[in-house]
1. Within region 180-188, can one find any residue that is at negative phi, over 15 Å from the mean Cα position of the chain (by Cα), modelled with pLDDT under 95 and among the basic types (K, R)?
2. Would it be correct to say that F201 is aromatic (F, W, Y), at pLDDT 90 or above, part of a helix (DSSP H, G or I) and over 14 Å from T55 (Cβ atoms)?
3. Taking the condition among the aromatic types (F, W, Y), surrounded by fewer than 17 Cβ atoms within 10 Å (Cβ to Cβ) and either within 30 Å of S57 (Cα to Cα) or at pLDDT 85 or above (or both), does Y122 pass?
Amino acid sequence: MAVQQENCETNLNNPKTQIDIEQQEACEEKDFDYAQRAQWLRAAVLGANDGLVSTASIMMGVGAVRDDIKAMIITGFAGLIGGACSMAIGEFVSVSSQLDIELAQMKRANSLRNNEEKNVKYEKENLPSPFQAAAASSLAFAVGATVPLVAAAFITKYKVRLGVVVAAASLALLVFGGVGAVLGKASMKKSCLRVLLGGWFAMAITFGMTKLIGSMGLGVQ
């Protein structure tokens, strides 16, 4: 593996070396650092799942004690805004901490190298971006949260509205699970099933617990 990497670097950096197009493309692809892109992709997929599950669960919770569509939509929208802000702040803090650690490690490592300036410049370009991760996570959360909101917005019948929220959330969970499987090169079936069951569990627990509290006379009148 090390020899192959060295050959790629030699061929790409030496203009006199004759290599075919396929070999050059393979070297360029191998030389490309996917860590930077993977950071915001991960944040986006997780953000979309969180937005969908949390907002749908909140709406199901409200639906357990109130059949008013206005209460459900307003509560869901508040969950969207609050959750998106929370995801952005959390992701920014998390990736910033990761960035500080990687910069410190890079500084120690480069102090032992002769071509420090060149290495520092290359490695800094491939470090994760806190702002990019925060923006991707926040936007994805909002996109995921929009699914149950749109699904319930125009349905006045109480029981039908709850069913549509669950159905729309389930479909979106399958889609997000599939995307996550593709990005992570994991089993499509396992990924989709895991995400779907997790979403159902969250909605069921929220609905049941809120229903219980409402039956004790602590619900919103």
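The values are calculated or read from the model by the stated rules, or taken from the named source; none is laboratory data. Values in this document were obtained by computation on a predicted structure and should not be read as measured data. We place every Cβ from the backbone using ideal geometry, glycine too, and count neighbours over all the protein chains shown.
1. No: region 180-188 contains no residue that is at negative phi, over 15 Å from the mean Cα position of the chain (by Cα), modelled with pLDDT under 95 and among the basic types (K, R).
2. When the stated conditions are applied, F201 passes them.
3. No; evaluated as a whole, the condition is false for this residue.
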